[in-house]
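Any read-out appearing in this document is the output of simple, stated calculations on the displayed coordinates, not a laboratory observation. Since the model is a prediction, treat every value here as computed from it, not as a measurement. No Cβ is skipped: glycine too gets one built from the backbone with ideal geometry, and neighbour counts run over all protein chains shown.
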Amino acid sequence: MYDLIQRPRRLRRTEGIRRLIRENYVHVDDLIYPIFITHGENIKSEISSLPGNYHWSVDRVLEEVAEIVELRIPGILLFGVPDAKDEIGSAAWAEDGIVQQACQKIKEKYPNLLVITDVCLCQYTDHGHCGRLTKEGEVDNDSTLELLAKTALSHVLAGADMVAPSDMMDGRIAAIRKKLDKNGFSHIPILSYAVKYASNFYGPFRNAAHSAPKQGDRRSYQMDPPNIQEALREARLDVKEGADILMVKPGLAYLDVVKALADNFDLPIACYNVSGEYAMVKAAAEKGWIDEKNVIMEMMVSMKRAGADIIITYFAKEVAKLLQS
Ligand code: PBG
């Protein structure tokens with residue numbers, strides 16, 4: 001016998017004690033599920049890089065939404081995968097665009113479901129960048145802002161409850177806020193992808209959304225992975241410009257950033273458990289190398305422990321089911 005006064009293991013001995021002192025929980029109310037809307041008709045097509053997730057045409061998307069509502073997941077995040085692309089991404093703000101149509105359809109049937117839209121141009125531009133290009137091929141910040149603001153407004157006019165700009169242009173929160181306010185939508189919140197890194201974890205998404213840049217990469221607008229001071233600066237600017245929720249993206253490799261934001265800001269913090277994080281789990285599970293369900297739940301609670309209030313995840317449906325069982 002050692003003379004140990006403190007023995008932390010005493011509080012780990014039974015499930016009853018572990019439950020009693022558990023510090024963090026995942027709740028279905030924390031979850032947002034991303035949905036990909038594609039052009040065409042009668043389409044439900046599995047995304048090979050995101051198994052268990054689908055491209056939905058507008059006419060069939062309610063099948064997916066019904067399941068979300070049934071599982072009591074509070075919200076969805078809509079992404080458009082259009083066929084029409086041009087230099088400036090004009091399909092992004094088309095009144096009859098696929099995301100706009102989907103918003104209308106979903107809100108009509110499920111007025112209480114929270115519908116958030118991703119606001120970006122990369123799926124809509126023929127060059128695949130998140131903004132308008134200069135003659136020299138650089139992403140031009142200021143002339144992109146109006147296009148983003150128009151896109152956000154078109155989503156809200158179609159019924160979106162919240163908009164989530166993911167482009168990483170400087171000043172876009174202010175531009176969107178101003179546009180929404182001027183058009184009578186001062187009550188619509190902005191979920192800012194405030195701290196979005198130029199990450200290699202987006203690969204499966206770009207595959208799904210056909211949104212990889214044709215030339216170059218996104219490092220002149222998305223953040224450099226080694227930086228965290230800059231994350232605080234980005235977040236501070238977005239708060240000043242009118243952001244209502246601050247997001248960190250990706251999730252798992254950036255939980256220190258989630259924690260830093262949670263410690264420094266009093267707005268709700270969202271964490272995007274991105275496509276690469278999902279795909280890695282699916283691939284390892286398929287090989288039988290990990291226990292998928294337990295790994296998923298451990299990932300979710302890690303984001304909560306870091307300080308995330310909201311988790312955007314392709315696992316949302318699976319998590320909701322696991323929480324029920
Ligand atoms: C659009 C956008 C991307 C993601 C969300 N919005 C891709 C990118 O920035 O290249 C990635 C989501 C994911 O990987 O799950 N700008």
> Which condition breaks for residue 112 when tested against (1) closer than 24 Å to residue 30 by Cβ; (2) more than 16 Å from the ligand (Cβ to nearest atom); (3) surrounded by 24 or more Cβ atoms within 10 Å (Cβ to Cβ)?
Replying inline: (3)
>> If I ask for residues that are surrounded by 17 or more Cβ atoms within 10 Å (Cβ to Cβ) and closer than 28 Å to residue 178 by Cα, which ones from the stretch 199-238 would you list?
In response: 211, 218, 221, 222, 223, 231, 232, 234, 235, 238
> For residue 91, are the conditions met, namely being surrounded by 22 or more Cβ atoms within 10 Å (Cβ to Cβ), among the small types (Gly, Ala, Ser) and not in a loop (DSSP other than H, G, I, E, B)?
Replying inline: yes
>> Here is a list: 70, 23, 63. Which entry is within 19 Å of residue 99 (Cβ to Cβ), surrounded by fewer than 13 Cβ atoms within 10 Å (Cβ to Cβ) and out of contact with any Gly (no Cβ under 9 Å at 6 or more places or on another chain)?
In response: 63
>> I'd like the residue in the stretch 199-245 that is assigned to a loop (DSSP other than H, G, I, E, B) and within 21 Å of residue 310 (Cα to Cα) and, out of all such residues, is nearest to the ligand (Cβ to nearest atom).
In response: 199
>> For the stretch 131-169, which positions are assigned to a loop (DSSP other than H, G, I, E, B), under 19 Å from the mean Cα position of the chain (by Cα) and within 16 Å of the ligand (Cβ to nearest atom)?
In response: 131, 160, 166, 167, 168, 169
> Considering the stretch 37-67 alone, what residues qualify as being assigned to a strand (DSSP E or B) and in contact with a helix residue (DSSP H, G or I) (Cβ under 6 Å, 6 or more places away or on another chain)?
Replying inline: 37, 44, 56
>> Filter the stretch 246-293 down to the residues that are within 22 Å of residue 27 (Cα to Cα) and among the acidic types (Asp, Glu) and list them by number.
In response: 256, 263, 266, 277, 291, 292
> What single numbered condition from (1) within 16 Å of the ligand (Cβ to nearest atom); (2) out of contact with any Ser or Thr (no Cβ under 8 Å at 6 or more places or on another chain) fails to hold for residue 182?
Replying inline: (1)
> In this structure, is residue 196 touching a strand residue (DSSP E or B) at 6+ places or on another chain (Cβ under 8 Å) and surrounded by 18 or more Cβ atoms within 10 Å (Cβ to Cβ)?
Replying inline: yes
